[in-house]
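Quick note: the coordinates plus some simple rules give every number you see, no bench work behind them. What you are looking at is a predicted structure, and each value in this text was computed from that prediction instead of being measured. Quick reminder, even Gly has a Cβ in these numbers, built from the backbone with ideal geometry, and neighbours come from all protein chains shown.
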Amino acid sequence: MKDSETPGWAGPLAGIRVLDLTRVLAGPAASLALADLGAEVFKVEPPGTGDETRSFPPFRDGESHYYLSVNRGKKSIVVDLKTEAGVALVRDLAAKCDVLIENYRPGVMDRLGLGYSALSALNPRLIYCAISGFGMTGPLRDRPSFDIVLQALSGALSVNGESGGVPHKLGIPLGDLVGGINGPIGILAALHERNTTGRGRLIDISLLDGMIGMLGYLAQLAFFTGQDPQPQGSQHPNLVPYGAFPAKDGSIIIACLTNNFWGRICRALDMEQYSLDPRFDTLEKRRDSREVVNELIAGFTREKPVQQLVALFTEHNVPHAPILGITDALEQPQAVAREMVVETAHQVLGSIPIVNRSIKFPGDTQPVPTAPPVLGQHTDEILREFLGYTAEQIEALRASNAVA
């Protein structure tokens with residue numbers, strides 16, 4: 001089933017079929033990653049409303065910005081899982097797919113007869129990825145979860161915000177998006193394993209586990225010191241200077257990751273006398289003199305416009321960046337050169353800009369992703385071309401309200 005509008009190399013997962021029983025963000029982000037890599041993704045949506053995010057404003061011609069953001073490259077089929085015929089249809093799809101992804105609460109799919117045990121009996125090669133807030137085990141397994149809840153329980157929220165202030169949630173919904181990272185990693189590993197064993201497996205993805213895994217050196221810092229790291233704003237707990245500094249017309253990020261960069265920063269800011277100053281010549285000394293060092297830097301940067309600082313830091317090879325808004329970030333020359341924004345044809349909206357795949361394969365070019373589907377856009381196509389249903393069978397499913 002190749003979309004006639006997207007000829008060429010689909011990607012390294014071409015030929016892999018994914019049954020997508022996900023909604024909102026964590027699950028759709030996982031199936032999106034597989035679609036970007038070339039898998040054919042069948043997104044199963046309930047009749048009437050579809051994925052809940054189709055109702056999230058703002059809209060353009062009835063289409064939600066939220067739904068469009070994580071459903072490119074997929075095919076939509078409307079199935080009512082409250083009907084026996086709808087459940088039977090999903091079982092038929094699972095019998096022929098390589099991967100199933102779902103992000104209902106643990107136990108929901110089992111009650112529908114669509115859990116791993118039931119479907120692996122039909123298709124032993126099926127890789128079944130269950131994504132949930134807290135995973136299949138533990139005292140919180142049945143609790144609903146949202147991005148901000150996961151940020152809070154993981155400790156990530158506690159270190160985000162200005163020093164001495166109230167912690168803030170991350171601007172990016174990483175508590176959900178971590179499912180779009182760990183889910184595909186587990187699936188790709190299981191696909192590799194299946195080449196040897198011939199069997200699929202169940203994958204249990206907990207978003208809280210994923211967020212705790214993202215703590216990185218902050219967790220190790222707590223292990224070492226026995227104290228919780230505190231919010232530092234854009235600064236680093238151990239590296240100075242590191243973070244946002246005022247400019248005449250905005251702000252700029254400076255990142256002194258190693259001692260080597262300290263000398264470069266001093267030369268760029270015409271403060272070379274401080275590069276060997278015994279008060280600031282090691283990472284530890286600068287950390288302990290954070291306020292003094294930061295004010296030395298800010299005293300220079302606040303008198304210069306951002307673009308002049310960018311030129312100076314570029315000349316002296318200092319890690320830096322202007323703080324861009326979303327629109328400027330999408331339009332910056334680097335993003336343009338990497339084709340991170342492309343136009344695609346939507347059935348209702350016409351030509352629309354979308355964010356492109358973030359993984360590139362030099363030597364081979366993938367076509368522009370197909371637009372996020374309108375509700376049920378591919379129902380007949382999937383039933384007819386993938387499952388081989390006759391027109392009479394499709395009509396019978398419609399008559400029973402199993403599909404729409």
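Listing for the model above:
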quantity	calculated
Difference of contour (0.36 nm per residue) and Cα-Cα distance, GLN220 to ASP364	47.8 nm
Size of charge dipole - region 56-204 - debye, nearest 20, with Cβ of Lys, Arg +1 and Asp, Glu -1, no other charges	340
Relative contact order (%) - the chain, alpha-carbon pairs under 8 angstrom, separation at least six	19
For the chain, share of DSSP beta bridges that run antiparallel, in % to the nearest 5	45
Span from the region 32-64 Cα centroid across to the region 180-211 one, whole angstrom	23
Charge dipole magnitude, Cβ of K and R +1, D and E -1 - the chain, Cα centre, debye nearest 20	600
Pairwise label distance in nanometres, LEU170 with THR258, each label 7 Å out on the Cα-Cβ vector	2.7
Percent of alpha-carbon pairs separated by more than 22 Å within region 99-225	44
In region 235-327, trypsin sites (Lys or Arg not before Pro) in a DSSP loop with at most 13 other beta-carbon atoms within 10 Å	LYS248, ARG279, ARG302
Selection from VAL342, ALA399, LEU218 lying farthest towards where the dipole of the chain points positive, charges on Cβ	LEU218
Burial order of peptide ranges 347-358, 30-41 (average beta-carbon count within 10 Å, highest first)	30-41, 347-358
Under 29 Å between alpha carbons - lysine pairs in the chain that sit 8 or more apart or on different chains	21
For region 266-335 and region 100-126, distance of Cα centres in Å	53
Inter-probe distance in nm under a simple model that places probes 7 Å from Cα toward Cβ, at ALA311 and ASP92	6.8
Per-pair calculated FRET efficiency, R0 = 35 Å: SER55 and ASP380 via Cβ, rounded to 0.05	0.90
Extension reserve of the LYS248-ALA391 stretch, reckoned as 0.36 nm per residue once the Cα distance is removed	44.7 nm
Dipole magnitude (debye, nearest 20) for region 224-377, charges at Cβ of Lys, Arg, Asp, Glu	140
